[in-house]
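Asks: I'd like to ask you about the structure that follows.
All of the numbers you see were taken from the coordinates with simple rules; none came from a lab. Every value quoted in this text rests on a predicted model; they were computed, and no experiment measured them. Note that each Cβ is placed from the backbone with ideal geometry, even for glycine, and that neighbours are counted across all protein chains shown.
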Amino acid sequence: MTLVLGYNTNGFAHHRLGDALSVLSRLGYRAVGLTIDVHHAPLESTDFKDLGAELRRLKLLPVVETGARFYLDPSKKHRPTLMDDRDGKRMEFLLGCVDAARRLGAPCVSLWSGAGDSWPRLVKGLARVCDAADGHGIDIGFEPEPGMFVSSMAQFDELRRRLPHPRLGLTLDVGHAHCLENEPVAAIIDRYAPLLRNVHLDDHRKGVHEHLFFGDGEIEFVPVLDALRRAAKSRDIPATVELSRHSHDAVATAKRALSFLRAASRGATTSS
């Protein structure tokens with residue numbers, strides 16, 4: 001079992017999906033965060049079985065990411081959420097993403113709460129998604145996200161208390177954890193290792209929700225990667241770079257990111 005370094009396709013917004021995947025494989029990435037979006041693998045027009053075969057050929061482990069900004073409503077970012085999903089669009093989308101993961105052979109679907117203020121609606125909707133995922137042996141990685149209803153690790157704990165579903169695990173964005181939590185990121189990884197299903201990699205500063213390239217923020221990545229390696233002893237954990245606002249320089253950014261992470265990983269190995 002191992003930590004599998006990857007890249008999120010939301011950082012290749014100006015590339016055709018096939019071209020982006022080929023570039024990532026050629027650079028040496030072995031996982032991909034596949035953000036289902038209007039221009040990359042839309043549910044209504046993608047043959048996910050064929051795409052899964054292509055990912056296997058490229059040796060890329062997929063995670064299905066559901067964070068598209070305007071997929072459901074072209075004028076309202078990330079809406080509707082599970083808490084205001086009056087006509088079922090969000091639920092239909094998430095169930096479609098679970099089915100896409102099944103066809104791809106992806107072990108995890110990553111999602112978040114969105115904005116809102118209703119525990120009962122969130123728990124009810126998320127339980128339905130977890131049940132659908134369970135039917136296919138797929139895990140749900142829930143991501144605490146700054147500015148959303150569930151933003152902190154304490155709120156994630158409350159969600160798990162309200163919904164102790166065996167398929168409900170954690171997507172941890174290390175930048176978000178640094179941004180919002182008082183505890184060191186490595187300590188958070190160690191504490192939540194049994195629930196860790198998916199990781200997003202980016203740099204951050206305290207109190208500022210802005211995805212930065214590695215070294216432009218405050219995170220010490222050697223202990224973070226060391227902790228992630230410990231967590232991955234019992235299962236493969238995909239850890240994908242999430243730099244959507246660097247799409248204008250995607251190839252160079254992806255190349256630099258992998259070089260940085262490999263160097264930090266060597267440092268983690270040396271220090272452990």
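Asks: Counting just the residues of the range 1-29 that are part of a helix (DSSP H, G or I) and among the charged types (D, E, K, R), which one comes out nearest to Ala193 (Cα to Cα)?
Replies: So, considering only residues that are part of a helix (DSSP H, G or I) and among the charged types (D, E, K, R), the one nearest to Ala193 (Cα to Cα) is Arg26.
Asks: Ok, one more. May I ask you to list pairs of residues, at least six apart or on different chains, whose Cβ atoms are under 9 Å apart, with the first in the range 233-255 being within 13 Å of Leu24 (Cβ to Cβ) and the second being basic (Lys, Arg)?
Replies: If the second residue must be basic (Lys, Arg), the pairs left are Pro238/Arg30; Pro238/Arg197.
Asks: Considering only the range 79-91, I want to know if a residue exists there that is assigned to a loop (DSSP other than H, G, I, E, B) and touching a His at 6+ places or on another chain (Cβ under 9 Å).
Replies: No, because not a single residue in the range 79-91 is assigned to a loop (DSSP other than H, G, I, E, B) and touching a His at 6+ places or on another chain (Cβ under 9 Å).
Asks: Follow-up question, since we're still on this one. Looking only at the range 154-187, which residues are under 16 Å from Ser110 (Cα atoms) and assigned to a loop (DSSP other than H, G, I, E, B)?
Replies: The answer is His165, Pro166, Arg167.
Asks: Among the residues of the range 68-87, how many are within 16 Å of Gly147 (Cβ to Cβ), surrounded by fewer than 19 Cβ atoms within 10 Å (Cβ to Cβ) and over 19 Å from the mean Cα position of the chain (by Cα)?
Replies: 2
Asks: Kindly list the number of the only condition in (1) surrounded by fewer than 16 Cβ atoms within 10 Å (Cβ to Cβ); (2) touching a residue at least 60 places away in the same chain (Cβ under 8 Å) that fails for Ala187.
Replies: Going through the list (1) surrounded by fewer than 16 Cβ atoms within 10 Å (Cβ to Cβ); (2) touching a residue at least 60 places away in the same chain (Cβ under 8 Å), Ala187 breaks only (2).
Asks: Quick one: Ser234 ticks every box in (1) part of a strand (DSSP E or B); (2) under 27 Å from Asp99 (Cα atoms) bar one, so which box is it?
Replies: (1)
Asks: Then there is this: Do you know which of the residues in the range 30-78 that are part of a loop (DSSP other than H, G, I, E, B), among the aliphatic types (A, V, I, L, M) and out of contact with any Leu (no Cβ under 8 Å at 6 or more places or on another chain) is farthest from Arg103 (Cα to Cα)?
Replies: Result: Leu72.
Asks: Another one. Is it the case, given these coordinates, that Thr240 is closer than 25 Å to Trp119 by Cα, in contact with a strand residue (DSSP E or B) (Cβ under 7 Å, 6 or more places away or on another chain) and surrounded by 19 or more Cβ atoms within 10 Å (Cβ to Cβ)?
Replies: On the way: closer than 25 Å to Trp119 by Cα: no; in contact with a strand residue (DSSP E or B) (Cβ under 7 Å, 6 or more places away or on another chain): yes; surrounded by 19 or more Cβ atoms within 10 Å (Cβ to Cβ): yes.
Criteria not met by Thr240.
Asks: While we're looking at this one, here's another question. Give the residues of the range 206-215 that are part of a strand (DSSP E or B) and farther than 23 Å from Ala252 by Cα, sorted by residue number.
Replies: Answer for the range 206-215, where residues must be part of a strand (DSSP E or B) and farther than 23 Å from Ala252 by Cα: Val208, His209.
Asks: Being surrounded by fewer than 18 Cβ atoms within 10 Å (Cβ to Cβ) and under 18 Å from the mean Cα position of the chain (by Cα) is the filter; apply it to the range 245-272 and report the residue that is farthest from His211 (Cα to Cα).
Replies: The extreme case among them is Ser247.
Asks: Related question: Take Met91 and decide whether it is more than 26 Å from Leu201 (Cβ to Cβ), in contact (Cβ under 8 Å) with a residue 60 or more places away in the chain and of a type in the set (A, V, I, L, M).
Replies: Working: more than 26 Å from Leu201 (Cβ to Cβ): yes; in contact (Cβ under 8 Å) with a residue 60 or more places away in the chain: no; of a type in the set (A, V, I, L, M): yes.
Criteria not met by Met91.
Asks: Tally time: how many residues in the range 200-225 are surrounded by fewer than 23 Cβ atoms within 10 Å (Cβ to Cβ), of a type in the set (Asp, Glu) and touching a helix residue (DSSP H, G or I) at 6+ places or on another chain (Cβ under 7 Å)?
Replies: Going through the range 200-225 one residue at a time, the tally reaches 2.
Asks: Sticking with this structure for a sec: How many residues does the range 98-153 hold that are outside any strand (DSSP E or B), surrounded by 18 or more Cβ atoms within 10 Å (Cβ to Cβ), touching a residue at least 60 places away in the same chain (Cβ under 8 Å) and small (Gly, Ala, Ser)?
Replies: Residues that pass the stated criteria total 2.
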